[in-house]
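Undergrad: Have a look at the structure that comes next, please.
The values are calculated or read from the model by the stated rules, or taken from the named source; none is laboratory data. Please read these numbers as outputs of a predicted model, since none were measured by experiment. Cβ placement follows ideal geometry from the backbone for every residue including glycine, while neighbour counts extend to all protein chains displayed.
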Amino acid sequence: MRTRVLDLDGSILSQRKLLKLYRPHVYSLQGWGPRIRLGCRMRRFERFERTLAKKLGSRTDTEPCVNFLGSGDFHHVSLALIRRQARPINLLVIDNHPDWMRRIPFLHCGTWLYHAAQLPQVKQIFHVGGDVDFDNYFHWLAPWAEIESGKIAVLPGIRRFRGLRWAKVVNDPLLWKSQSAVPYSLPPGRLKEFLRPYRRDLASRPLYISLDKDVMAAHSAPVNWDSGHLTVLQTRAVLEAFLMAADGIVAGIDVLGDWSSVRLQGIFRRILHFTEHPSLGVESFAANRVNEQTNLSLLESVDWFTRAASERRSEMAVAS
């Protein structure tokens, strides 16, 4: 699978081992970074999409790619990539935050999933690993119609979500409290149990994956946001379970959560920065090294499972 860097903040360009091993095509979009970081009006985002289409050479993706987008501040760029999918897809979101707020009059890294859920090509959505902003005062902004109908299936990171509406929705956690050095463990068979009702859907159409590394503990992925609880290996286990259920047929992948200095234009984005970003002490060189190792580990999983699935399909075609 080809690898692309949509360079909005320069964070991936310092990861020299990743660039050397995977030789991604780098698309320079840093001029757009400060103008859309955290959020923007829909009309500006549509102009960004037109620029992206010109850079990529078309309005649709005809083959799957792994896209590195930089900081999680740009998670709404995933919406542009999903809109480039011409065929029906399932969507897996691995993220510490829900990103599905509705009734917000602009596009934001916390609203993009609501807009993606309205797209006709997006059939089934899985949200895995989350912990923050699901059952606090933001829960009123959740897309309850999609959650309660089952279009969005939720697998929290470490705890069941609280509240009357959540009590009506199956949302048992992925991880259990552990007595070992790792605070939370992944019970054997947990992912298999969760995926059992969805195997037919997952096998029936390509899977698009959007992975924000803030779902992991901070030592595995220094990010611009609150960090979650998964280890790299647990995140790989989620990826691999879904890839296996989809028989390795992938529509596309985007990866975010690489730390970068916050550069912004406009008072609107500055307000978002000061009100929403937690105060973090991050050293950029160390953050980039850790994130590079995590990115390489994730790419290893994707490469192995998609290749194995492709070889298996080829063998079955020859045998038949």
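Undergrad: Give me a count of the residues in the range 237-259 that are in contact with a helix residue (DSSP H, G or I) (Cβ under 6 Å, 6 or more places away or on another chain), among the aliphatic types (A, V, I, L, M) and part of a helix (DSSP H, G or I).
TA: 4
Undergrad: To continue, here is another question. Filter the range 90-127 down to the residues that are hydrophobic (A, V, I, L, M, F, W, C), in a strand (DSSP E or B) and in contact with a His (Cβ under 7 Å, 6 or more places away or on another chain) and list them by number. Walk me through it before giving the result.
TA: Within the range 90-127, the first condition is being hydrophobic (A, V, I, L, M, F, W, C), and the residues that meet it are 91-94, 100-101, 104, 106-107, 109, 112-113, 116-117, 119, 122, 125-126.
Cutting the leftovers down to in a strand (DSSP E or B) gives us 91-94, 107, 122, 125-126.
Answer for the range 90-127, where residues must be hydrophobic (A, V, I, L, M, F, W, C), in a strand (DSSP E or B) and in contact with a His (Cβ under 7 Å, 6 or more places away or on another chain): VAL93, LEU107.
Undergrad: Something else: Looking only at the range 208-227, filter to residues that are of a type in the set (Val, Ile, Thr) and touching a Phe, Trp or Tyr at 6+ places or on another chain (Cβ under 8 Å); which one of those is surrounded by the fewest Cβ atoms within 10 Å (Cβ to Cβ)? Give the derivation first.
TA: Quick first cut of the range 208-227, residues of a type in the set (Val, Ile, Thr) only: 209, 215, 223.
Filter once more, so that each one left must be touching a Phe, Trp or Tyr at 6+ places or on another chain (Cβ under 8 Å): 209, 223.
Details: ILE209: 26, VAL223: 28.
Filtering the range 208-227 for residues that are of a type in the set (Val, Ile, Thr) and touching a Phe, Trp or Tyr at 6+ places or on another chain (Cβ under 8 Å), the one surrounded by the fewest Cβ atoms within 10 Å (Cβ to Cβ) comes out as ILE209.
Undergrad: While we're here: Which condition number does GLU148 fail, the rest of (1) more than 24 Å from GLY39 (Cβ to Cβ); (2) touching a strand residue (DSSP E or B) at 6+ places or on another chain (Cβ under 6 Å) being met?
TA: (2)
Undergrad: Is there a residue being of a type in the set (Lys, Arg), closer than 15 Å to LEU6 by Cβ and either at pLDDT 95 or above or part of a helix (DSSP H, G or I) (or both) anywhere in the range 59-76?
TA: Looking for residues that are of a type in the set (Lys, Arg), closer than 15 Å to LEU6 by Cβ and either at pLDDT 95 or above or part of a helix (DSSP H, G or I) (or both), one finds none in the range 59-76, hence no.
Undergrad: Would you check which residues across the range 34-87 are touching a residue at least 60 places away in the same chain (Cβ under 8 Å) and either more than 27 Å from VAL302 (Cα to Cα) or of a type in the set (Asp, Glu) (or both) and list them?
TA: PRO34, ARG35, ARG37, LEU38, GLY39, CYS40, ARG41, MET42, PHE45, ASP61, GLU63, ASP73, listed by residue number.
Undergrad: Here is a check on your reading of the model: is GLU300 surrounded by fewer than 21 Cβ atoms within 10 Å (Cβ to Cβ), over 27 Å from LEU38 (Cβ atoms) and of a type outside the set (Lys, Arg)?
TA: On the way: surrounded by fewer than 21 Cβ atoms within 10 Å (Cβ to Cβ): yes; over 27 Å from LEU38 (Cβ atoms): yes; of a type outside the set (Lys, Arg): yes.
The answer is yes for GLU300.
Undergrad: Counting only residues that are in a helix (DSSP H, G or I) and among the aromatic types (Phe, Trp, Tyr), which one in the range 5-58 is surrounded by the most Cβ atoms within 10 Å (Cβ to Cβ)? If you could, list the steps in order and put the result at the bottom.
TA: Just the residues of the range 5-58 that are in a helix (DSSP H, G or I), to begin with: 12-14, 16-22, 33-36, 42-56.
After this cut, where a residue has to be among the aromatic types (Phe, Trp, Tyr) as well, the list is 22, 45, 48.
Numbers: TYR22: 19, PHE45: 22, PHE48: 20.
For the range 5-58, the residue satisfying everything is PHE45.
Undergrad: Is it fair to say ALA221 is on the phi < 0 side of the Ramachandran plot, small (Gly, Ala, Ser) and assigned to a helix (DSSP H, G or I)?
TA: The answer is no for ALA221.
Undergrad: Filter the range 134-158 down to the residues that are over 22 Å from LEU230 (Cβ atoms), part of a loop (DSSP other than H, G, I, E, B) and of a type outside the set (Lys, Arg) and list them by number.
TA: PRO143, GLY150
Undergrad: Please tell me if ASP172 is crowded, with 19+ Cβ neighbours inside 10 Å and either touching a residue at least 40 places away in the same chain (Cβ under 8 Å) or within 12 Å of VAL128 (Cα to Cα) (or both). Talk me through it step by step, then tell me what you get.
TA: Details: crowded, with 19+ Cβ neighbours inside 10 Å: no; either touching a residue at least 40 places away in the same chain (Cβ under 8 Å) or within 12 Å of VAL128 (Cα to Cα) (or both): yes.
Answer is no for this residue.
Undergrad: Could you tell me whether any residue of the range 185-199 is in contact with a Lys or Arg (Cβ under 7 Å, 6 or more places away or on another chain), modelled with pLDDT of 95 or more and not polar (S, T, N, Q)?
TA: no
Conditions (1) under 17 Å from the mean Cα position of the chain (by Cα); (2) not in a loop (DSSP other than H, G, I, E, B), marked per residue:
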site: ARG199; (1), (2): no, yes
site: LEU202; (1), (2): no, yes
site: TYR208; (1), (2): yes, yes
site: GLY228; (1), (2): yes, no
site: HIS273; (1), (2): no, yes
site: ASN291; (1), (2): yes, yes
